[in-house]
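Written below as structure tokens is the structure these notes are about.
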Amino acid sequence: MLINSKNQIPASEITPESVYLSRRKFIGQSSTAVLVGAAATPAIALPSGWVEEQGYSEGEPIGEKITPEDIATRYNNFYEFGTGKEDPSKKAHVLTTDPWSIEVAGEVAKPGKMQIEDVLKGIDLEERIYRLRCVEAWSMVVPWVGFPVKKVLDKFEPLGSAKYVKFTTLYRPKEMPGIRSIFSSVEFPYVEGLRLDEANHPLAIFAVGMYGKILPNQNGAPFRLVVPWKYGFKSIKSIVKIELTKREPRTTWNRSAPHEYGFYANVNPEVDHPRWSQARERRLPTTIFGGTIATRMFNGYDEVASLYEGMDLKRNY
Ligand SMILES: Nc1nc2c(c(=O)[nH]1)N[C@H]1C(S)=C(S)[C@@H](COP(=O)(O)O)O[C@H]1N2
Ligand SMILES: [Mo]
């Protein structure tokens, strides 16, 4: 299993010498890790040397290597910045991510809007090495820094009536040229959703970093979803709103082409996209020989299968 939650950041490794990575910092204190965004304390992310010490090997299954960082940060899908794979890395640097607030609404006992620093207060950061399988039939292996989605949801106390979670990306045309473009193929703001029990599964995380650093804008800074057993489009970036709902939310790709992109979007080699096979994938970086590997049910994360017991996954694609 591609998961490496052993790598919680030990407080003892958080030293003053920690590297400056951005204006935001991750601070570990006893059992807490706090993301602080104060102009007065321009600072770090993770302890210096932490990434190197991990070696990125323990959590890796045999034969699967971490995708080089420069590929994971330059080959992106983030349509708010354009539809080209290199558009996000070229254009997302203008995005302002500090300050950043997240609104939690709907079927919760404690709705409200919080600064990201407060949302993350008291939550431990972990490294999770996950496969990312795009519906376009390419994949990567990415070391995320994040924490279970459940930890955030629980703070707002979901009610018994909450059955789904709807996530919304920032809508800021001034900083997002893809939104202004007449060529855009989807509607904005980008919206995604999960069933509440899917969101509460321990493999579903919010990421605030990758490769031991603060999340680059093109990868969804400062706060994005990562659901490794589903096609990449479910892993919505730069989230500003989380809504607990009674009914299945209408999601961006499902709205734009319902027969091609379902609400569930579980990785499934047996259910082809109407225009191409999903049986195999190109693991990036692809060699000049262009080989592919077999795609696995749930992207290899079999432990989620019980979430779908009794469901026809061909119909609920
Ligand atoms: N807001 C938003 N989130 C998004 C997308 C997008 O266009 N807009 N693209 C999705 C798709 S199709 C994929 S494959 C992943 C890619 O994540 P990465 O660029 O970090 O690899 O982000 C997903 N999240
Ligand atoms: Mo994707």
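Observations on the structure shown:
The rows are residues; the columns are (1) at pLDDT 95 or above; (2) more than 27 Å from residue 248 (Cα to Cα); (3) under 22 Å from the mean Cα position of the chain (by Cα).
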| site | (1), (2), (3) |
| --- | --- |
| 262 | yes, no, yes |
| 265 | yes, no, yes |
| 270 | yes, no, no |
| 273 | yes, no, no |
| 279 | yes, yes, no |
| 287 | no, yes, no |
| 292 | no, yes, no |
| 299 | yes, no, yes |
| 305 | yes, no, yes |
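- Exclusive hit being open to solvent by less than 30 Å² (accessible area, probe 1.4 Å) and without any contact (Cβ under 8 Å) to a residue 24 or more places away in the chain, set 257, 279, 265: 257
- The stretch 219-271, residues that are closer than 21 Å to residue 312 by Cα, aliphatic (A, V, I, L, M) and more than 15 Å from ligand 1 (Cβ to nearest atom): 271
- Test: residue in the stretch 51-60 that is among the acidic types (Asp, Glu), part of a helix (DSSP H, G or I) and modelled with pLDDT under 95: yes
- Restricted to the stretch 68-187, the set of strands (runs of 3 or more DSSP E) holding at least 2 residues that are β-branched (Val, Ile, Thr) and farther than 24 Å from residue 229 by Cα comprises 101-106.
- Matching residues, the stretch 192-223, being open to solvent by 10 Å² or more (accessible area, probe 1.4 Å), under 22 Å from residue 73 (Cα atoms) and assigned to a strand (DSSP E or B): 213, 214
- Some residue of the stretch 162-172 being surrounded by 16 or more Cβ atoms within 10 Å (Cβ to Cβ), over 14 Å from the mean Cα position of the chain (by Cα) and over 22 Å from residue 190 (Cβ atoms): no
- Being open to solvent by 30 Å² or more (accessible area, probe 1.4 Å) and farther than 16 Å from residue 236 by Cβ is a condition met by at least one residue of the stretch 141-153.
The values are calculated or read from the model by the stated rules, or taken from the named source; none is laboratory data. The structure displayed is predicted, hence computed values, not measured ones. Positions of Cβ are backbone-derived with ideal geometry, glycine not excepted, and every protein chain shown enters the neighbour counts. Accessible surface is based on the protein model in full, side chains and every heavy atom, while ligands, DNA and RNA are left aside. Shrake-Rupley method; radii C 1.70, N 1.55, O 1.52, S 1.80 Å.
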